[in-house]
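The values are calculated or read from the model by the stated rules, or taken from the named source; none is laboratory data. Keep in mind that this is a model prediction, so the values were computed, not measured. Cβ placement follows ideal geometry from the backbone for every residue including glycine, while neighbour counts extend to all protein chains displayed.
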Amino acid sequence: MSKGGAAGRSPGAGGRPRQARVGAGAARAAAAALAAALLVSAVLSGWDGVLAASRELVRKEKKLEDLKRKLREEKKNLSSIEKREVSVLGELERLGKLLARLRREHRGLSASLRRVKGEIKKKDRRIGSLEKKRSELGQRLERRLRAMYLMRNGSSLRVIASASGADELGRRLLHLARIMEADTRLVEECERLLAELRRERRSLAALKSKRLAAIRDIKKKQRQIMAARRSKTALLRSVEREKARHLAVVSELESAARELTALVTKLRRRRGGFDSTSGFAAMKGRLAMPVKGKVVSLYGKVTHPEFKTVTFNNGIIIEAPLGEPVRSVYDGEVVYVGWLRGYGQVMIVDHDGGFYTLFAYLSRVVKERGERVKAGEVIARVGDSGPHDAPALYFEIRQRGVPRDPLGWIASR
């Protein structure tokens, strides 16, 4: 699978590959010249021809040793570049995990904020109801106070006339006083509840402010991580370009070394020296796409457009929106969920009969190891945890460990 990345090249890196390519070309040219010389010398006889061939053998053996030395140096450089590549991929994996954790925290805080806002609305409605009740009680208490005042001052003729005597009037006043005491207690209880509700509302408002501040902080961190990821991805691209150049040089040197080795061997000889029957298998050409999107990288050999180096893609890359549902292509069991360097968050599903499917670059998984899944069931979400430039799904089909072309199994769209 092709990976991406970028950064500056180490000083002098451009010079060595060029020199190595020149050396490799010269080696091949010299090898061809040697082959022609051998053909000529083959028709000659006598010690002069043997001695000339021996001298040529010594020269070519020396040339082969120089070529092998250069090849060792290039492989050493390549090993150093590969270590840098592994380091950058590790950092990208760390950033991907951190971004996934922040996204989970963001979702949790958003849900909490919605609950807090709902509680504030409930408190506001309760406060409004209690304020209305307190107002009504206050008005009722005010009317009773006025009536009691009139009775005590003899201003209420109806009450006085209906009373049979002073004792009756006293009892009525006492009864009215008790009602007023009860009303007063109700008003006081309303005041107490209102004060308590207002305290709770202030507490919820403070909690809401904290949640909003935490969400702003998470969004800031997400932007910083995304910027760091872009930088690391650019570095990985640069490292891979440098790696491709060194691979091309190594390939040229190895080819030249093989030619020279074959010629030296010939010269030394002239001198007289040295199943499938499972349910999944029956679905070939009939499986559904694991996600709705566009296939942007195919299975098989891929030639680098600039350096002409050949790599082999074990699967396909499907670009799709971040968070798009990823579905199992067939019934099976989740046998692995985790992070793999260069693949981001990964899920592997076992479909029996030696068939497995691999899903990578995920943002989140919704099935855990050991769970059974059905064809078409959502098992994960598209992410950007892999080295691809945009949100995408990396998808493989393997039969007894051997990768197969997924497009050969997916139904024509």
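Scanning the range 264-311 for residues that are aromatic (F, W, Y) and either modelled with pLDDT of 75 or more or not in a loop (DSSP other than H, G, I, E, B) (or both) gives F280, Y299. Yes or no: R114 outside the structural domain of G338 (by TED's automatic domain parsing), at pLDDT below 70 and either surrounded by 14 or more Cβ atoms within 10 Å (Cβ to Cβ) or basic (K, R) (or both)? Here the answer is no, as R114 does not meet what is asked. For E368, the criteria (1) of a type in the set (D, E); (2) surrounded by 16 or more Cβ atoms within 10 Å (Cβ to Cβ); (3) not in a strand (DSSP E or B) hold in every case but one, which is (2). Applying the selection to the range 377-413, what residues are part of a strand (DSSP E or B) and of a type in the set (A, V, I, L, M, F, W, C)? If the condition is that a residue be part of a strand (DSSP E or B) and of a type in the set (A, V, I, L, M, F, W, C), then V378, I379, A380, V382, A392, L393, F395, I397, V402, I410 are the ones that fit.
Taking the criterion of being within 18 Å of Q399 (Cβ to Cβ) and touching an Asp or Glu at 6+ places or on another chain (Cβ under 6 Å), the only residue of the range 282-303 that qualifies is Y299.
Of all residues assigned to the range 239-255, at least one qualifies as being within 25 Å of the chain's Cα centre (by Cα) and of a type in the set (A, V, I, L, M). Pick from the range 285-337 the residues that are basic (K, R) and either within 20 Å of the chain's Cα centre (by Cα) or in the same structural domain as H246 (by TED's automatic domain parsing) (or both): which of them is surrounded by the most Cβ atoms within 10 Å (Cβ to Cβ)? Once the filter is applied, the top-ranked residue is R327. Taken over the range 343-364, residues that are surrounded by fewer than 20 Cβ atoms within 10 Å (Cβ to Cβ) and over 18 Å from G401 (Cβ atoms) amount to 1.
Suppose the filter is surrounded by fewer than 16 Cβ atoms within 10 Å (Cβ to Cβ) and in contact with a strand residue (DSSP E or B) (Cβ under 9 Å, 6 or more places away or on another chain); does K83 pass it? Against the criterion (surrounded by fewer than 16 Cβ atoms within 10 Å (Cβ to Cβ) and in contact with a strand residue (DSSP E or B) (Cβ under 9 Å, 6 or more places away or on another chain)), K83 does not qualify.
Restricting the search to the range 331-365, which residues are among the charged types (D, E, K, R) and not in a strand (DSSP E or B)? If the condition is that a residue be among the charged types (D, E, K, R) and not in a strand (DSSP E or B), then D331, R341, D352 are the ones that fit. Return yes when E196 is modelled with pLDDT of 80 or more and outside the structural domain of L98 (by TED's automatic domain parsing) and no when it is not. It is true that E196 is modelled with pLDDT of 80 or more and outside the structural domain of L98 (by TED's automatic domain parsing).
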